[in-house]
Amino acid sequence: MNLCIVGAGYVGLVAGTCFAESGNEVICTDINEEKIGLLKTGLSPIFEPGLDELIARNLKEKRLSFTTDFTEAIRQSEIIFIAVGTPPAEDGSADLSAVFEVARTIGRNLNSYKIVVNKSTVPVGTADRVEKIIAAETDREFDVVSNPEFMKEGAAVDDFMKPDRVVVGTKTDRAARIMQELYAPFVRTEKPILIMDRRSAEMTKYAANAMLATKISFINEIANICEKVGADINNVRRGIGFDSRIGFQFLFPGVGYGGSCFPKDVDALIRTASHYECESKILVAVQSMNQDQKRLMVRRIKDHFAGRLEGLVLALWGLSFKPQTDDLREAPSMEIIRGLIPDGVILQVYDPVAMDEARRILGDSVRYMENAYHALEGASALVVVTEWPEFRRPNFVRIKELLKKPVIFDGRNLYEPDLMQARGFVYYSIGRAVVGQS
């Protein structure tokens, strides 16, 4: 099929590249000329494992192309995916201005029947509004479909190529059949393509992310209770995770969730509920718990050093909100850094892939170190924020030699308390007793 992807950001670029990999002719469009220029050379503007190779291969095979000429791409395509950003507005609702502007442009350039697919994360009712906008611009026949994505940053290519399910919201059998044909190569292992109404499809995306965010906030709250009552969250986590009704996914305590999806989508769902005069008590609590959890490590650092922070040097490992991405949006590391700098703390930071993005956001407010161990030199403690694989089994002898004081604040429970105590560290983690304190 001939596809047009409007928006060469995270969602659009991964989706377009994976569609090309399955044999479709894909044109990715974006208004950012610099980004399009980079993509034409086969280089991705985002870090996502496996994506660069797919882009290069499909460019070479001429199944994938990039352009800023949106109108021509519309005319050449059978299916048009809207994958532009829907950032949070000031009140927490989704800003749909880019989606609606794309819809108007599509309407003005329809030259035959097209399927217009909302791939962006959008509130319930957006497909109806897009349909009205396009219809006001054209007499041509078209369908609007809701097709939310469920990709995890760091595993997006695998998630798209081997989905748990594909959700398609549509009003017509014609659009449903075409979308089923498009996605058939990705569900050969009998994973379902779920055909439903558009509003249910839109709601499914928000409900899924809200549920996962809820699991994270729940286990963090249980971890905080464990510390008070003398229980070990890792034992509790295993005790409930083996229950098949609960499972282990997203059941890891830490310093809170971040990224481009969970915070934004939970906020947007709260605003949608409020618009319909529905009180979302659980979701409000989920967000509140998460914000408080992001500040937990700052409080612990201040308590450990008895508030004497001026000139204190700390090493910080991990800046991205999760491993295998350079995304710093709503990252717990940013909350920790911004919570310590005003008190005069000097932070020596390292992340395997997010250093350039950190420089863009933080400027010269922190020290950027060339590797994890250099970040330790002259520091009075290590703060672990992101669970990158290389941080899981470090050289503890070297860490202890480089730190001025053998203190570790572990925001991801990467290490075992008894082993850290045996190695002579003062060790703080989440939901477990502090060890090594005299």
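When the residues of region 87-104 are filtered to those that are surrounded by 23 or more Cβ atoms within 10 Å (Cβ to Cβ) and without any contact (Cβ under 8 Å) to a residue 60 or more places away in the chain, which remaining residue is nearest to the chain's Cα centre (by Cα)? Working first, answer last.
Kept after step one, since they are surrounded by 23 or more Cβ atoms within 10 Å (Cβ to Cβ), are these residues of region 87-104: 94, 99, 102-103.
Subsequent filtering for residues that are without any contact (Cβ under 8 Å) to a residue 60 or more places away in the chain retains 99, 103.
Details: Val99: 20, Ala103: 25 Å.
Ranking the qualifying residues of region 87-104, first place goes to Val99.
Out of everything in region 381-404 that is over 21 Å from Arg295 (Cα atoms) and either aliphatic (A, V, I, L, M) or modelled with pLDDT under 95 (or both), what residue ends up being surrounded by the fewest Cβ atoms within 10 Å (Cβ to Cβ)?
The qualifying residue surrounded by the fewest Cβ atoms within 10 Å (Cβ to Cβ) is Val397.
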* Within region 18-33, can one find any residue that is within 20 Å of the chain's Cα centre (by Cα), of a type in the set (A, V, I, L, M, F, W, C) and modelled with pLDDT of 95 or more? -> yes
* Under 6 Å between Cβ atoms, at least 6 apart or on separate chains: pull out the pairs that start in region 122-140 with a residue that is hydroxyl-bearing (Ser, Thr, Tyr) and end on any residue that is modelled with pLDDT of 95 or more and part of a helix (DSSP H, G or I). => Thr138/Gly107
* To do: Among what's in region 105-137 and is of a type in the set (Lys, Arg) and under 27 Å from Tyr276 (Cα atoms), pick the residue that is surrounded by the most Cβ atoms within 10 Å (Cβ to Cβ).
  => Lys119
* To do: Check region 356-377 and report whether any residue there is surrounded by 14 or more Cβ atoms within 10 Å (Cβ to Cβ) and either under 23 Å from Glu227 (Cα atoms) or touching a Gly at 6+ places or on another chain (Cβ under 8 Å) (or both).
  => no
* Asked: How many of the residues in region 405-438 are among the aliphatic types (A, V, I, L, M), crowded, with 22+ Cβ neighbours inside 10 Å and under 21 Å from Val229 (Cα atoms)?
  -> 1
* Asked: Any idea how many residues of region 408-433 are in contact (Cβ under 8 Å) with a residue 12 or more places away in the chain and over 30 Å from Gly154 (Cα atoms)?
  -> 7
* Give the residues of region 418-435 that are under 16 Å from Val397 (Cα atoms) and in contact with a helix residue (DSSP H, G or I) (Cβ under 9 Å, 6 or more places away or on another chain), sorted by residue number. => Leu419, Met420, Arg423, Gly424, Phe425, Val426, Tyr427
* over 23 Å from Phe262 (Cβ atoms), buried (at least 23 other Cβ atoms within 10 Å of the Cβ) and aromatic (Phe, Trp, Tyr): does that describe Tyr350? -> yes
* Give the residues of region 382-403 that are touching a residue at least 40 places away in the same chain (Cβ under 8 Å) and more than 22 Å from Leu251 (Cα to Cα), sorted by residue number. => Leu382, Leu403
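For Gln348, indicate whether it is under 17 Å from Ser380 (Cβ atoms) and not hydrophobic (A, V, I, L, M, F, W, C). Explain how you work it out, then say what you get.
Details: under 17 Å from Ser380 (Cβ atoms): yes; not hydrophobic (A, V, I, L, M, F, W, C): yes.
The answer is yes for Gln348.
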* **Residue ranges of helices (runs of 4 or more DSSP H) in region 192-291 with at least 2 members at pLDDT 95 or above and surrounded by fewer than 21 Cβ atoms within 10 Å (Cβ to Cβ)** => 198-229, 233-241
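When you scan region 138-181, how many residues do you find that are among the β-branched types (Val, Ile, Thr) and loosely packed, with under 15 Cβ neighbours inside 10 Å? First the steps, then the outcome.
Start the filter on region 138-181 by keeping residues that are among the β-branched types (Val, Ile, Thr), which leaves 138, 144-145, 157, 166-168, 170, 172, 178.
Next cut, loosely packed, with under 15 Cβ neighbours inside 10 Å only: 172.
The number of residues fulfilling the criteria is 1.
Restricting to region 122-174, give me the number of residues that are part of a loop (DSSP other than H, G, I, E, B), β-branched (Val, Ile, Thr) and out of contact with any Lys or Arg (no Cβ under 6 Å at 6 or more places or on another chain). First the steps, then the outcome.
Of the residues in region 122-174, the ones part of a loop (DSSP other than H, G, I, E, B) are 122-125, 136-141, 147-155, 162-165, 170-172.
After this cut, where a residue has to be β-branched (Val, Ile, Thr) as well, the list is 122, 124, 138, 170, 172.
Then keep just the ones that are out of contact with any Lys or Arg (no Cβ under 6 Å at 6 or more places or on another chain); that gives 122, 138, 170, 172.
Number satisfying all stated conditions: 4.
Just name the residue that is nearest to Val116 (Cα to Cα) out of those in region 182-208 that are among the charged types (D, E, K, R) and touching a residue at least 40 places away in the same chain (Cβ under 8 Å). Quick ask: steps written out before the conclusion?
Let us first name the residues in region 182-208 that are among the charged types (D, E, K, R), namely 188, 190-191, 197-199, 202, 205.
Keeping just the survivors that are touching a residue at least 40 places away in the same chain (Cβ under 8 Å) gives 198-199, 202, 205.
Working: Arg198: 12, Arg199: 15, Glu202: 15, Lys205: 18 Å.
Of everything passing the filter in region 182-208, Arg198 is nearest to Val116 (Cα to Cα).
Tell me, yes or no, whether region 390-399 has at least one residue that is within 17 Å of Ala422 (Cα to Cα) and of a type in the set (Lys, Arg). Write out each step before concluding.
To start, the set of residues in region 390-399 that are within 17 Å of Ala422 (Cα to Cα) comprises 393-399.
Add one more test, that the residue is of a type in the set (Lys, Arg), and what stays is 393, 398.
Scanning region 390-399 turns up at least one residue that is within 17 Å of Ala422 (Cα to Cα) and of a type in the set (Lys, Arg).
The values are calculated or read from the model by the stated rules, or taken from the named source; none is laboratory data. Just so it is clear, the model here is predicted, and its values are computed rather than measured. Using ideal geometry, Cβ is built from the backbone for each residue, glycine included, and neighbour counts are taken over all protein chains shown.
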